[in-house]
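Following: one structure in structure tokens, then a few remarks.
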Amino acid sequence: MSVESWTYIMVGATFAAYLAIGYRNRVADTRGFYVAGQGVPAIFNGAATAADWMSAASFISMAGLISFMGFDGTVYLMGWTGGYVLLALLLAPYLRKFGKYTVPDFIGDRYDSNKARLVAALCAIFVSLTYVAGQMRGVGVVFSRFLGVEIATGVFIGMAVVTFFAILGGMKGITWTQVAQYSILILAYLIPAVAIATKLTGIPIPQLSFTASDIVVRLNQIQVDLGFTEYTQPFQTKSMLDVVCITFALMAGTAGLPHIIVRFYTVPSVRAARYSAGWALFFIALLYTTAPAIAAFARYNLIDSLHDTPVEEARSLDWVESWEATGLLALEDRNNDGRLQLTPDEGTNEITIDRDIIVLSTPEVAGLAPWVIALVAAGGLAAALSTAAGLLLVISSSIAHDIYARLINPQATEARRLLVGRLMIFLAIVVAGYFGINPPGFVAEVVAFAFGLAAASFFPVILLGIFDGRTNRHGAIWGMLVGIGFTGSYIVGNRFLGMDPWFFGISAQGIGAVGLVFNMVTTLVVSRLTAPPSAEVRVLVASVRIPKGQAHRAEPEPPRSSQRSNPQL
Amino acid sequence: MSDVEEGQSASPDSRPGTGTEASRREYWKRNRRLIAVLLTIWFVVSYGLAIFLAEPTSGMRIGQLPAGFWWAHQGSMFVFVGLIFFYAWRMDRLDREYDVHEDED
């Protein structure tokens, strides 16, 4: 059977599974809709978090990015994993004890301020919208690359599937589809990785063969021979200070991203929240420790099979032919010597490789069966859809819960709140789909902004809200203004207005780390110059620090329907 | 790591009174100390071994890889996972010691 028929089967089967899971996990109340009835066991929430976190970019582009960055690719590897340590030790258990549905809920109650609640809700919407546009685009790209359909058609199919399980099942439907999506995406990532590791080194475990075999040593030698620097040489693309700042901004940003934080509201207890963070990072690290192995192996293999090879011989390889057709691989014999040369110089280089090829071509390069290639397509779609669903829920809850139910119409009944939540998720899907089909040119820029904003606003404001009882409303608001103002103007200035990175040469990606420090200093100082928080807030702070006892309830429960969502499994 | 030994050697007699203001303060203090120890390890591994020491240790090898590169592309992530599970396990014991754990369902 051809790759294309296998791809239709794999994508069709996985989509049918997502729809079935979504249908089985319908919910009838807001607690089910926003926090899956708080009945998700730690290990499953870990898998769902991993799928929520790992996007189309992690799945398709990250290994390729590392392959081209060498050592400096660690900013993504450590930056996108180390944040879970911060989340597990500093935020997740306490937010779970607080127990209410959203990040703006905590900020609004802790600082006893609806202004802070509104600012937090708007930040959450902005961060999530910028992110989700890229995911919808990712769905379209995978469809077009593997099945040759229009990108727009692919986006529509993705929208239809997400609409079904997110509207029916809310967080509960999303959670259990994410668990299924994690299984698909990790299989799709590991099978080709094991195959290429075995093919090149004879050791089937990628992490082990990466460390123990001499592939990286040989790759270093080849790079030096061709006039590049060694693959393992640090700080070739960025200064050490920039590597430190980007890594830290991505870590703090990860810990502060609302769609990740809300996943920890869905577990049954504080204890489960702690273990769940461990499982989440375990599942993420399965992919993230495999990625650098794929990056190095694929780079070695590409150079080894293409460099100094006669053009005709290279073109006779199946995978070269098919990837050249997509435009992701370009071969051109510029000096007409009949052979291909890879050089650091643009003018003489004859092999141009798009970074997405590293993951996408691995199964073909390793000579795997067509069904594995189809599985990679299904894995890319699973990664994109699972992240999109989590983000859409945050957008919906920010509008329907934080803004509508808490600020505009606190009298709304349970049924009405649920209806508004469903409407908002639908609206968010339509907006995300629009941006997926007509991507704004600045998506990549805005992602740097999302992390910078999360690092310079949410992370410090939640952290100090838990660990510093003296932090008050004025401190938090001024801290957020300074953090967002500095980080935002630096990124906008640098990326759009041609401003030099004047702050010690730190790039727009890393400036959130500095914004975070400014935010914290401002918050601590302003809080100590103004009146301490009220007795009620002090009770709240004391209660989130202790696992035992009732969660703080600042707001009476709305009238609820009789049917409660039951924890599944 | 000294925190671990201390926790284990606490005899039943030295158990603080449960539920009081003072014992909760002490619980929070010990939680913060544990967090400080674990985040120090987190910092030393991710920023120390993988970034600041990457160039000075490039002659050292872990397996076939330069030491700093291995920490940056592999080792740090293993340590991160270990730190979170260790924290969860230690906090289970601390919660029980101070009787602030949640009721089992």
* **In the stretch A:222-236, the residues that are buried (at least 20 other Cβ atoms within 10 Å of the Cβ) and more than 9 Å from chain B (Cβ to nearest Cβ)** => A:Gln223
* Asked: Among the helices (runs of 4 or more DSSP H) contained in the stretch A:168-281, which hold 2 or more residues that are within 30 Å of A:Tyr490 (Cα to Cα)?
  -> A:240-256, A:258-261
* **When residues of the stretch B:79-105 are limited to those that are more than 7 Å from chain A (Cβ to nearest Cβ) and within 22 Å of A:Pro206 (Cβ to Cβ), the one surrounded by the most Cβ atoms within 10 Å (Cβ to Cβ)** => B:Val79
* Residue ID - modelled with the highest pLDDT, chosen from residues in the stretch A:356-412 that are of a type in the set (A, V, I, L, M), within 19 Å of A:Thr290 (Cα to Cα) and assigned to a loop (DSSP other than H, G, I, E, B) -> A:Leu368
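Rundown of residues vs (1) modelled with pLDDT of 95 or more; (2) polar (S, T, N, Q); (3) under 30 Å from A:Thr74 (Cα atoms), yes/no style:
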site: B:Arg25; (1), (2), (3): no, no, no
site: B:Arg30; (1), (2), (3): yes, no, no
site: B:Val44; (1), (2), (3): yes, no, yes
site: B:Gly68; (1), (2), (3): yes, no, yes
* **Residue under evaluation A:Leu187, criteria (1) in contact (Cβ under 8 Å) with a residue 12 or more places away in the chain; (2) touching a Ser or Thr at 6+ places or on another chain (Cβ under 7 Å), criterion not met** => (2)
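Residues checked against (1) of a type outside the set (A, V, I, L, M); (2) more than 30 Å from B:Gln74 (Cα to Cα):
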{"site": "A:Ala293", "(1), (2)": "no, no"}
{"site": "A:Ser305", "(1), (2)": "yes, no"}
{"site": "A:Glu313", "(1), (2)": "yes, yes"}
{"site": "A:Glu332", "(1), (2)": "yes, yes"}
{"site": "A:Asn336", "(1), (2)": "yes, yes"}
{"site": "A:Asp345", "(1), (2)": "yes, yes"}
{"site": "A:Ile351", "(1), (2)": "no, no"}
{"site": "A:Asp354", "(1), (2)": "yes, no"}
{"site": "A:Ala388", "(1), (2)": "no, no"}
* To do: Return the pairs, sorted by first residue and then second, in which the second residue is at pLDDT 95 or above, the first residue lies in the stretch A:531-549 and is facing another protein chain (nearest Cβ under 10 Å), the beta carbons are less than 6 Å apart, and the residues are 6+ apart or on different chains.
  => A:Arg545/B:Trp28; A:Pro547/A:Val270; A:Pro547/B:Asp95
* To do: Scan the stretch A:455-490 for residues that are within 24 Å of the chain's Cα centre (by Cα) and not in a helix (DSSP H, G or I) and report the count.
  => 0
* Kindly list the number of the only condition in (1) facing another protein chain (nearest Cβ under 9 Å); (2) in a helix (DSSP H, G or I) that fails for B:Glu26. => (1)
* Considering only residues of the stretch B:31-65 that are closer than 22 Å to B:Phe86 by Cβ, without any contact (Cβ under 8 Å) to a residue 12 or more places away in the chain and more than 10 Å from chain A (Cβ to nearest Cβ), which is surrounded by the fewest Cβ atoms within 10 Å (Cβ to Cβ)? -> B:Thr40
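I'm trying to understand the selection: among the residues of the stretch A:241-253, which are within 14 Å of chain B (Cβ to nearest Cβ) and surrounded by 24 or more Cβ atoms within 10 Å (Cβ to Cβ)? It would help to see each step written out before you state the result.
Filtering the stretch A:241-253 for residues within 14 Å of chain B (Cβ to nearest Cβ) gives A:241-252.
Across the stretch A:241-253, the qualifying residues are A:Val243, A:Cys245, A:Ile246, A:Thr247, A:Phe248, A:Ala249, A:Leu250, A:Met251, A:Ala252.
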* Asked: Taking the stated definitions as given, is A:Arg315 within 14 Å of chain B (Cβ to nearest Cβ), of a type in the set (D, E, K, R) and closer than 30 Å to A:Val194 by Cα?
  -> no
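Okay, residues lined up against (1) in contact with a helix residue (DSSP H, G or I) (Cβ under 7 Å, 6 or more places away or on another chain); (2) surrounded by 23 or more Cβ atoms within 10 Å (Cβ to Cβ):
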residue: A:Trp53; (1), (2): yes, yes
residue: A:Phe59; (1), (2): yes, yes
residue: A:Phe68; (1), (2): no, no
residue: A:Asp72; (1), (2): yes, no
residue: A:Val75; (1), (2): yes, yes
residue: A:Val103; (1), (2): yes, yes
residue: A:Asp112; (1), (2): yes, no
residue: A:Val127; (1), (2): yes, yes
* Structure fact -> Taking the stretch A:357-377 and keeping residues surrounded by fewer than 20 Cβ atoms within 10 Å (Cβ to Cβ) and either on the phi < 0 side of the Ramachandran plot or over 31 Å from the mean Cα position of the chain (by Cα) (or both) leaves A:Leu368, A:Ala369, A:Pro370, A:Trp371
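Sort out for me the helices (runs of 4 or more DSSP H) sitting completely within the stretch A:1-97 that have 1 or more residues that are under 25 Å from A:Ala293 (Cβ atoms).
A:3-24, A:42-53, A:62-69, A:74-86
The values are calculated or read from the model by the stated rules, or taken from the named source; none is laboratory data. Keep in mind that what you see is a predicted model, and the values were worked out from it rather than measured. Every residue, glycine as well, gets a Cβ built from its backbone with ideal geometry; the counts of neighbours run over all protein chains shown.
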